[in-house]
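As structure tokens, the structure follows; a few thoughts come after it.
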Amino acid sequence: MFDIVRLGPGDRGLILTMQERIYAALPEKTVFERSSGEFIEYCLDGGGLCYASLRHGVPVGYRMVYFPRGREFNLAKEVPLPSHEWDRVAHWDTTAVQPEWRGHGLGGLMNARALADLAGTGTRHVFATSSPCNPYGVKPLVTAGLRPVRLVRKFGGHLRFLLYRPFPAGWGADSPRGEEKAVALSAITELEAAFRDGWVGAEVVIDEAGARLRMRRAPLPF
Ligand SMILES: CC(C)(COP(=O)(O)OP(=O)(O)OC[C@H]1O[C@@H](n2cnc3c(N)ncnc32)[C@H](O)[C@@H]1OP(=O)(O)O)[C@@H](O)C(=O)NCCC(=O)NCCS
């Protein structure tokens with residue numbers, strides 16, 4: 001019923017139309033940073049990778065990946081990644097699925113496809129940001145192997161998790177006997193202290209009690 005397809009030059013209108021429709025229906029707009037037409041075009045023209053989820057051929061979601069290369073905005077600058085590695089960074093940029101098709105795994109499928117396509121691009125580091133007020137935005141990123149490692153202010157001062165995964169290897173397996181704790185996504189002060197103390201997010205748990213980040217101690221691998 002669903003297909004994931006790679007988009008290319010000429011698909012700017014397709015993404016912009018979905019973006020505007022989905023944004024208009026969002027109850028909390030501060031969790032979603034819209035992309036300009038120019039930025040979308042840059043990613044479609046080889047500055048990134050873009051995908052759509054199709055249902056019976058009709059677009060119902062998209063995922064954008066951006067290669068910052070020599071450009072100013074590079075999330076790697078938030079962490080002590082050596083500057084000679086900045087050209088090997090991919091940003092997991094914007095993603096959205098139409099409300100009626102959320103929770104069907106499309107976000108996860110588009111992430112998996114984009115990760116597979118990173119092979120051969122020279123990427124060694126994947127970064128993303130996502131709002132702690134948006135657990136369903138954070139969860140598919142963590143499932144794709146990214147881990148929340150910091151809280152940062154972006155896009156005019158909005159609070160965001162900074163997420164990171166090494167590529168292609170990923171973070172590696174956690175020690176089964178390692179220390180672990182769960183912190184609510186809403187407990188910002190506690191999360192900030194945990195990141196300062198060397199904890200990173202390993203899993204997002206969402207249930208009746210709310211959304212929590214299961215955290216483990218792990219140093220950044222650089
Ligand atoms: C973020 C977003 C793209 C995720 O897309 P999605 O196709 O719903 O993602 P998935 O179905 O792969 O969901 C991932 C997980 O969250 C769960 N989930 C997502 N939405 C859910 C919902 N509304 N109800 C229950 N569970 C939900 C899924 O069950 C899945 O959990 P699992 O891994 O345990 O199975 C979508 O929620 C969205 O468009 N949100 C609005 C825009 C946005 O916030 N974008 C992110 C910022 S750029």
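Laboratory data are not the source of any read-out in this text; all were calculated from the coordinates shown. Values in this document were obtained by computation on a predicted structure and should not be read as measured data. Positions of Cβ are generated from backbone atoms using ideal geometry, with glycine treated the same way; all protein chains shown enter the neighbour counts.
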Review point. Say R0 is 22 Å: what FRET efficiency, to the nearest 0.05, do Leu16 and Ala116 get from their beta-carbon distance?
Key: 0.30
Study note, to complete from the structure: Most fluctuating of Val65, Val79, Val31 in the GNM of the chain (C-alpha, under 10 Å) is Val79
Exercise for review: Pull out the extension gain between Arg196 and Phe222, defined as 0.36 nm times the separation in residues minus the alpha carbon to alpha carbon distance; nm, one decimal.
Suggested key: 7.8 nm
Study note, to complete from the structure: Contact order relative to length for the chain, counting C-alpha pairs under 8 Å separated by 6 or more residues, stands in percent at 15 percent
**Study point:** Global geometry of the stretch 97-222, whether rounded, prolate or oblate, following the gyration tensor of its Cα atoms and the 1.5 cut on a/c
**Key:** rounded
Revision key, fill the gap. For the chain, the longest principal axis of the Cα atoms and the Cα long axis of helix 12-25 enclose an angle in degrees, to the nearest 10, of 60 degrees
Check your understanding: Among Trp101, Trp92, Trp171, which one shows the biggest mean-square fluctuation in a GNM of the chain, springs joining Cα atoms closer than 10 Å?
Key -> Trp101
Review point. Which loop-located GluC sites (Glu not before Pro) does the stretch 189-219 contain, where loop means any DSSP state but H, G, I, E or B and the Cβ has at most 12 other Cβ atoms within 10 Å?
Key: Glu208
Review point. Rounded to the nearest 500 deg cm²/dmol, what is the calculated helix-only ellipticity per residue at 222 nm for the chain, with -39500 (n - 2.57) per DSSP H run of length n ≥ 4?
Key: -7000 deg cm²/dmol
Practice item. At most 15 other Cβ atoms within 10 Å and a DSSP loop assignment: could you name the trypsin sites (Lys or Arg not before Pro) in the stretch 118-190 that fit? Key: Arg177
Practice item. Please give, to one decimal in nm, the separation of the simple spin-label points placed at Glu100 and Glu28, each 7 Å out from Cα toward the Cβ. Key: 2.5 nm
**Study point:** Neighbour-count ranking [beta-carbon atoms within 10 angstrom, fewest first] of Met18, Met1
**Key:** Met1, Met18
Review point. With labels modelled as points extended 7 Å from the Cα through the Cβ direction, what inter-label distance (nm, one decimal) is found for Ser36 paired with Ala182?
Key: 4.3 nm
Exercise for review: Relative to the compact-globule scaling 2.2 N^0.38 Å, provide the ratio for the alpha-carbon radius of gyration of the chain.
Suggested key: 0.99
Point to revise | Gaussian network model of the chain, springs between alpha carbon atoms under 10 Å - residue of Leu26, Leu162, Leu109 with greatest fluctuation | key: Leu26
Exercise for review: Filter the chymotrypsin sites (Phe, Trp or Tyr not before Pro) in the stretch 1-85 to those in DSSP coil with at most 14 other Cβ atoms within 10 Å of their Cβ, and list the result.
Suggested key: Phe73
